[in-house]
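Accompanying notes for the structure given below.
The values are calculated or read from the model by the stated rules, or taken from the named source; none is laboratory data. Just so we're clear, the structure is a prediction, and the values are computed from it rather than from any experiment. Cβ sites come from the backbone with ideal geometry, for glycine too, and all protein chains shown count toward neighbours. For the accessible areas, the whole protein counts, side chains as well, though only heavy atoms, and no ligand, DNA or RNA atoms are used. Shrake-Rupley method; radii C 1.70, N 1.55, O 1.52, S 1.80 Å.
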Amino acid sequence: MIARLLATAVVLAAAGSPALAQLGKDAKLLAPFKPVVAKANESTVRIKCDDKDTVLGTVVDESGYILTKASELKGAVWVRLPDGSEYEATTVAAHNATDLALLKVDVKGLKAVTFADTAAVPAGNWVAAAGPTSDPVSVGIVSVMTRNLTGRDTVITNPNRGYLGIYPTDEKDDKGALVGAKISELNPGGAAEKAGLKSDDIIIEMNGKKIVGQTSLRDFLDTLRGGDTINVKAKRKGELKDFKVTLGSAPKDRGDVQNSMGSNLSGRRTGFEKVLQTDLVVDAKDCGGPVVDLEGNVLGINIARAGRVETWVLPSEVIRPLLPQFKAGKFAPVSTPVLPTAPAPRKSGK
């Protein structure tokens, strides 16, 4: 009965919709889905970084544990609960393979989601993205059933990461051990050149973090964004030099521009082993929240706006086995901010 009623609403909304890409956000279409997302909305929170709306989060434990998209987190992290109160959060775990982070706020009695399997959910089934208000963020259909990704989609890339503007190579000592990232070439006018770095300089440290090769340099840049300013230590002909570099952003190619039409793409949108593919129109800042079927069952978490007509859901089957490991500290982040014993709540806007 629910499916038939919603299908009717969809047909009526689609008839008056000016563009298919915006159908998933059409107000007439969203309204009938309010009961579908009502329960999941109570478990959806807004994540703010340095006081800016950044991404959504999904409550997974009533004692204050929240899952969100790890690559979007930077600076001071706060969580806005459905009642409008805000709490500073600690990052308990960060899992690179899934791009999930587990946050903890000092609040009890939150409403946690219950995950349902996705393996049997066929293509063509309707789904809705829950949000922190009474409305769904978007509605759409399953484009491709839960599957393992292949090819370049399995390689972790983050186009929105900080861009240094260099071509690095591994620098090794006489024994073959990695000792830094050597600049083999600079992009003219890039961030590194503007800061005074030169070809053959060997980067050994960034913001106090040791750089032992090109892989560690790239991993560090993945945690940053264009516009961030970092301190860089580099060796030039044996002399140690300090530089202050304001990172740029990677240039976008034609494919990136075309794919982003309709919504902003996620910074990290590749490197996932398994996803449920949908055509939900979800902006990057609205990833991290739960996705439900027409019965309100939580199928997983929106993990990336991957293209013009693609939003990827990290399925429940991937998430559930990780939760005990996250809470046990197996995937502890590189650094965790120290918070007061009992951070006081604050109201939105203050």
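What the table below lists for this structure:
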read-out	value
Some residue of segment 155-171 being assigned to a loop (DSSP other than H, G, I, E, B) and farther than 30 Å from Asp200 by Cα	no
Within segment 219-236, considering residues that are farther than 18 Å from Ser266 by Cα and free of Cβ contacts under 8 Å to residues at least 24 places away in the same chain, the one farthest from the chain's Cα centre (by Cα)	Thr229
Residue satisfying all of: in segment 97-119; touching a Gly at 6+ places or on another chain (Cβ under 8 Å) and within 30 Å of Ser143 (Cβ to Cβ); modelled with the lowest pLDDT among these	Ala97
Within segment 78-103, considering residues that are open to solvent by 50 Å² or more (accessible area, probe 1.4 Å) and either among the basic types (Lys, Arg) or farther than 27 Å from Asp153 by Cα (or both), the one nearest to the chain's Cα centre (by Cα)	Arg80
Selection within segment 263-289 - under 13 Å from Val137 (Cα atoms) and of a type in the set (A, V, I, L, M, F, W, C)	Leu280, Val281, Val282, Ala284, Cys287
Complete set of residues in segment 47-77 that are surrounded by fewer than 24 Cβ atoms within 10 Å (Cβ to Cβ) and within 18 Å of Asp135 (Cα to Cα)	Asp53
Of residues in segment 283-300 being of a type in the set (Asp, Glu) and touching a residue at least 60 places away in the same chain (Cβ under 8 Å), the one surrounded by the fewest Cβ atoms within 10 Å (Cβ to Cβ)	Glu295
Flag if Ala31 is touching a helix residue (DSSP H, G or I) at 6+ places or on another chain (Cβ under 8 Å), open to solvent by 20 Å² or more (accessible area, probe 1.4 Å) and not in a loop (DSSP other than H, G, I, E, B)	yes
Looking only at segment 189-204, and only at residues there that are surrounded by fewer than 17 Cβ atoms within 10 Å (Cβ to Cβ) and not small (Gly, Ala, Ser), the one that is nearest to Leu247 (Cα to Cα)	Lys194
Pairs where the first residue, in segment 140-154, is within 13 Å of Val318 (Cα to Cα) and the second is of a type in the set (S, T, N, Q) and not in a strand (DSSP E or B), C-beta under 9 Å, 6+ apart	Thr146/Thr118; Asn148/Thr154
Residue that is nearest to Asn302 (Cα to Cα), among those in segment 111-143 that are part of a loop (DSSP other than H, G, I, E, B) and polar (S, T, N, Q)	Thr118
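Here is a yes/no grid of residues against (1) among the charged types (D, E, K, R); (2) within 17 Å of Ile47 (Cα to Cα):
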site	(1), (2)
Arg269	yes, no
Asp279	yes, no
Asn297	no, no
Ile301	no, yes
Leu314	no, no
